[in-house]
Amino acid sequence: MDIYKIIKKPSLTEKSGQVRDKANFYTFHVDKNASKKEIKNAVQELFKVHVLRVNTVMMPGKAKRFGRSASDAHRFKKALVKIKKDEKIEIVEGV
């Protein structure tokens, strides 16, 4: 899989900013089919950092109704990436 298709965008929320400052974790929205090894390699290649650990979670979507049927819309996979203590990802730090 292409590394530019694995990582979709950084997750820039208040909670992700606190985790980034406290424990050096960065959060990203990633492709649903990407494995932890693929995410690790993509982050290392794109941002030139050393990844120590990758945690992933499938975030539930909001329930949407279309007539009689209901479905979960906007489901996505979130990855929490821990990098070395002295390294930073500059794109996320400025926000």
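The values are calculated or read from the model by the stated rules, or taken from the named source; none is laboratory data. All figures in this text were calculated on a predicted structure; none of them were measured in a lab. Here the Cβ positions follow ideal geometry from the backbone for every residue, glycine too, while neighbour counts run over all protein chains shown.
Tell me, please, whether a residue that is under 17 Å from ILE83 (Cα atoms) and of a type outside the set (A, V, I, L, M) can be found in the stretch 56-68.
At the first step, the residues of the stretch 56-68 found to be under 17 Å from ILE83 (Cα atoms) are 56.
Those left that are additionally of a type outside the set (A, V, I, L, M): 56.
Yes.
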- Query: If a residue has to be acidic (Asp, Glu) and free of Cβ contacts under 8 Å to residues at least 12 places away in the same chain to count, how many in the stretch 19-37 make the cut?
  - Reply: 1
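Where residues in the stretch 67-78 are in contact with a His (Cβ under 8 Å, 6 or more places away or on another chain) and farther than 17 Å from GLY17 by Cα, which of them is modelled with the lowest pLDDT?
Step one: list which residues in the stretch 67-78 are in contact with a His (Cβ under 8 Å, 6 or more places away or on another chain), which gives 76-78.
From what's left, farther than 17 Å from GLY17 by Cα: 76-77.
Details: PHE76: 93, LYS77: 96.
So the residue we want is PHE76.
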- For GLU90, all conditions in the list (1) at pLDDT 90 or above; (2) surrounded by fewer than 11 Cβ atoms within 10 Å (Cβ to Cβ); (3) of a type outside the set (Ser, Thr, Tyr) hold save one; what is the number of the exception? (1)
- Message: For the stretch 25-42, which positions are under 13 Å from ASN55 (Cα atoms) and not basic (Lys, Arg)?
- Response: PHE25, TYR26, THR27, PHE28, HIS29, VAL30, ALA34, SER35, GLU38, ILE39
- Query: If you take just the strands (runs of 3 or more DSSP E) that sit entirely in the stretch 1-74, which of them hold at least 1 residues that are buried (at least 16 other Cβ atoms within 10 Å of the Cβ)?
  - Reply: 7-10, 25-30, 51-59
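May I ask you to list the residues in the stretch 38-93 that are among the acidic types (Asp, Glu) and closer than 18 Å to PRO10 by Cα? It would help to see each step written out before you state the result.
Residues of the stretch 38-93 among the acidic types (Asp, Glu): 38, 45, 72, 86-87, 90, 93.
Correct list: GLU38, GLU45, GLU87, GLU90, GLU93.
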- Message: Among the residues in the stretch 49-66, are any touching a residue at least 40 places away in the same chain (Cβ under 8 Å) and either of a type in the set (Asp, Glu) or within 19 Å of GLY17 (Cβ to Cβ) (or both)?
- Response: yes
- Boolean, VAL81 is under 21 Å from TYR4 (Cα atoms), surrounded by 14 or more Cβ atoms within 10 Å (Cβ to Cβ), within 12 Å of the chain's Cα centre (by Cα) and at pLDDT 95 or above: yes
